[in-house]
1. Using packing as a proxy for protection, rank 166-175, 108-117 so that the peptide with the highest average count of other Cβ atoms within 10 Å comes first.
2. Apply the Karplus parameterisation 6.51 cos²θ - 1.76 cosθ + 1.60, with θ equal to phi minus 60°, to every residue of region 97-105 and state each ³J(HN,Hα) to the nearest whole Hz, in sequence, with x for glycine and proline.
3. Of Ala121, Thr110, Gly133, which is farthest on the positive side of the dipole of region 75-184, counting Cα position, with +1 on Lys and Arg Cβ, -1 on Asp and Glu Cβ, and the Cα centre as origin?
4. Going highest first, how would you order 126-133, 83-90, 50-57, 177-184 by mean Cβ packing within 10 Å?
5. Evaluated at 4 °C with a viscosity of 1.567 mPa s, what Stokes-Einstein diffusion coefficient in µm²/s does region 81-165 have when Rh comes from the Kirkwood expression over alpha-carbon pairs?
6. Report the net charge of residues surrounding Phe91, where surrounding means a beta-carbon distance below 10 angstrom and charges are Lys +1, Arg +1, Asp -1, Glu -1.
7. What is the sum of charges, Lys and Arg at +1 and Asp and Glu at -1, for the other residues whose Cβ falls under 12 Å from the Cβ of Gly118?
8. State, to one decimal in nm², a quarter of the convex hull surface area for the C-alpha atoms of region 23-182, i.e. the direction-averaged projected area.
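Since every read-out is calculated from the coordinates, none of them should be taken as a lab result. Quick caveat, the model's predicted, so the values are computed rather than measured. Quick reminder, even Gly has a Cβ in these numbers, built from the backbone with ideal geometry, and neighbours come from all protein chains shown.
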Amino acid sequence: MSPYGHSAKNRPSEFKELCKIVTMKFRLFEHDDLSLYLSWINQKEIWEVDNSGPFELRTPESFSAQWNKIVGWQRSWMINVDGRDIGYIGFLSNQDDQLTNEFFIVIGETSEWRKGRGKAAMEWLFEKAEELGLGTVTGQVLGNNERALAFYERLGFRIVAEQDPRFERNGKIYSTLLIEKRLE
Ligand SMILES: CC(C)(COP(=O)(O)OP(=O)(O)OC[C@H]1O[C@@H](n2cnc3c(N)ncnc32)[C@H](O)[C@@H]1OP(=O)(O)O)[C@@H](O)C(=O)NCCC(=O)NCCS
């Protein structure tokens, strides 16, 4: 018997899930990742929290202008869990292709939400930020993105500014929030 009162064979399945060890890896974003990337960002539930405008399907063609920016960043990584790509994370560059401390993260596979994937990926990003000599990391969150706001608060971010213009979503007015975390 285990100290929890169950033999290993008869432990509740939730317990097994909690104890499951997963392997998270990161690799640079490649051109072949574009269709998977688009399938994630075209989901309505992701669009709604990632864009302040009306829904618009993004295609490889409509995306081509941004593609050079993505490969130019060289600081965009796919998040892979147990051999499956589940999302992406990285830092933005400015117009001169210089690194900024502004990050982005999307767990595109919504079935993977709330399993600690985002937190683990952000902890990896904080280490990367320190390697890159960044003392703080910043991000932008739409005010209607309650899930992400709870997530960032848990990770120790604070809201430092509210940006214009404001936008309407489902009859309510929101602004974009600038968040920041100082690295130890
Ligand atoms: C926001 C996002 C990255 C969170 O990733 P995730 O893997 O689901 O988050 P985690 O499971 O690592 O959560 C870590 C902690 O954040 C908080 N959190 C995450 N989701 C939450 C939710 N829906 N409600 C309340 N708190 C939440 C909790 O404190 C959680 O810890 P707990 O599960 O031990 O309570 C993910 O939902 C996502 O990619 N959303 C769509 C894209 C997006 O909004 N990106 C951010 C744009 S600024």
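1. Values: 166-175: 11.6, 108-117: 14.7.
Ranked by mean Cβ neighbours within 10 Å, highest first: 108-117, 166-175.
2. 6, 8, 4, 10, 9, 8, 9, 9, 8
3. Of Ala121, Thr110, Gly133, it is Thr110.
4. On the way: 126-133: 13.1, 83-90: 18.5, 50-57: 11.1, 177-184: 15.4.
By packing density, highest mean first, the sequence is 83-90, 177-184, 126-133, 50-57.
5. Stokes-Einstein gives a translational diffusion coefficient of 92 µm²/s.
6. On the way: positive: Arg75, Lys128; negative: Glu102.
Here the charged neighbours net out to +1.
7. Summing Lys and Arg as +1 and Asp and Glu as -1 gives +3.
8. Averaging across all directions leaves 9.5 nm² for the Cα convex hull.
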